[in-house]
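*Asks:* Here it is, the structure, as structure tokens.
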Amino acid sequence: MSERPNPVTDGVLMTFDEVRDRFLARLEGMTDAAYLWEPVPDCLSVSVGADGLSRADDRPEGSTGRAPFATIAWRAWHIGSDCLRGYGRFFGEEPGTGAERQLWPATAKESIAALAEDFARFRAHVVSLGDVRLVAPMGPVAGPYAEDSYLALTTHAIDECAHHGAEIALLLDLCAHGLGPGGA
């Protein structure tokens, strides 16, 4: 029996894949109404601007107390663009600028496709590392996180996807049970 060349990477990716697959399966059939549903006033969301481009709202600067509530659309942006795509900078990708980084689809179908692409891109970066680089410090490319490993980054990404994916699933359940727009 041959030993796997990268057992740590394989194990981490197995968990990453399980979270990704469960999350994307949960989004199947999501309607635009559910995607953009604002269950409370002043939700963070994604909207089309005067320029015709859709963007995620910025988090309020300097707010104290309870964090603003976010729609499924905003939470999907956070997982896809803010986290998975944003972490590309630790693999040498050029980070998006403020306005560019906020771009995100305004429809459920396009958002699901963007999420699938972001999951695939991040996964490919992790695969390219192998065990030796996965557990080593990220180095100067990571700025203040230089001493953190790619393993720490990857487990953080898994946590973000599972955490915010569960929030999205709950919002979809509320829609399915008649507490939001129909057709979750």
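*Asks:* How many of the residues making up the range 94-140 are loosely packed, with under 14 Cβ neighbours inside 10 Å, of a type in the set (Asp, Glu) and under 17 Å from the mean Cα position of the chain (by Cα)?
*Replies:* Number satisfying all stated conditions: 2.
*Asks:* Check ALA99 against each of (1) within 21 Å of GLY49 (Cα to Cα); (2) in contact with a helix residue (DSSP H, G or I) (Cβ under 7 Å, 6 or more places away or on another chain); (3) in a helix (DSSP H, G or I) and name the one condition it does not meet.
*Replies:* Of (1) within 21 Å of GLY49 (Cα to Cα); (2) in contact with a helix residue (DSSP H, G or I) (Cβ under 7 Å, 6 or more places away or on another chain); (3) in a helix (DSSP H, G or I), only one is false for ALA99: (2).
*Asks:* Just a yes or no: is a residue in the range 72-84 in contact with a Lys or Arg (Cβ under 7 Å, 6 or more places away or on another chain), free of Cβ contacts under 8 Å to residues at least 40 places away in the same chain and either part of a helix (DSSP H, G or I) or farther than 30 Å from LEU129 by Cβ (or both)?
*Replies:* yes
Every residue, every condition in (1) closer than 11 Å to TYR35 by Cα; (2) not small (Gly, Ala, Ser), yes or no:
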{"site": "ILE72", "(1), (2)": "yes, yes"}
{"site": "CYS83", "(1), (2)": "no, yes"}
{"site": "GLY86", "(1), (2)": "no, no"}
{"site": "PHE91", "(1), (2)": "no, yes"}
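*Asks:* Looking at the range 29-43, which of the residues that are small (Gly, Ala, Ser) and closer than 22 Å to PRO68 by Cβ is surrounded by the most Cβ atoms within 10 Å (Cβ to Cβ)?
*Replies:* Restricting to residues being small (Gly, Ala, Ser) and closer than 22 Å to PRO68 by Cβ, the top hit is ALA34.
*Asks:* Surrounded by 14 or more Cβ atoms within 10 Å (Cβ to Cβ), within 30 Å of ALA152 (Cβ to Cβ) and of a type in the set (D, E, K, R): which single residue out of ARG26, ARG4 fits that description?
*Replies:* Step by step, each of ARG26, ARG4 is checked, and only ARG26 is surrounded by 14 or more Cβ atoms within 10 Å (Cβ to Cβ), within 30 Å of ALA152 (Cβ to Cβ) and of a type in the set (D, E, K, R).
*Asks:* Sort through ALA114, ALA106 and tell me the only one that's in contact with a Ser or Thr (Cβ under 7 Å, 6 or more places away or on another chain) and either in a loop (DSSP other than H, G, I, E, B) or free of Cβ contacts under 8 Å to residues at least 60 places away in the same chain (or both).
*Replies:* After ruling out the rest, the residue left standing is ALA106.
*Asks:* Between a first residue in the range 122-148 that is within 17 Å of LEU13 (Cβ to Cβ) and modelled with pLDDT of 95 or more and a second residue that is not aromatic (Phe, Trp, Tyr) and not in a helix (DSSP H, G or I), which pairs have beta carbons less than 6 Å apart while being 6 or more apart in sequence or on different chains?
*Replies:* The qualifying pairs are GLY130/ASN6; ASP131/ASN6; VAL135/SER149.
*Asks:* Does the range 44-66 contain at least one residue that is modelled with pLDDT of 95 or more, under 22 Å from LEU153 (Cβ atoms) and surrounded by fewer than 18 Cβ atoms within 10 Å (Cβ to Cβ)?
*Replies:* Among the residues of the range 44-66, not one is modelled with pLDDT of 95 or more, under 22 Å from LEU153 (Cβ atoms) and surrounded by fewer than 18 Cβ atoms within 10 Å (Cβ to Cβ), which makes the answer no.
*Asks:* For the range 86-96, check the following and say yes or no: at least one residue is closer than 25 Å to ALA169 by Cα and charged (D, E, K, R).
*Replies:* Checking the range 86-96: not a single residue is closer than 25 Å to ALA169 by Cα and charged (D, E, K, R).
*Asks:* Might you check whether a residue that is among the acidic types (Asp, Glu) and not in a helix (DSSP H, G or I) occurs anywhere in the range 156-170?
*Replies:* Taking every residue of the range 156-170 in turn, none turns out to be among the acidic types (Asp, Glu) and not in a helix (DSSP H, G or I).
*Asks:* Of the conditions (1) within 11 Å of the chain's Cα centre (by Cα); (2) surrounded by fewer than 22 Cβ atoms within 10 Å (Cβ to Cβ), ILE79 clears all except one; give me its number.
*Replies:* (2)
The values are calculated or read from the model by the stated rules, or taken from the named source; none is laboratory data. Please read all numbers here as calculations on a predicted model, not as lab measurements. Don't worry about glycine lacking a Cβ; one is built from the backbone with ideal geometry, like all the others, and counts go over all protein chains shown.
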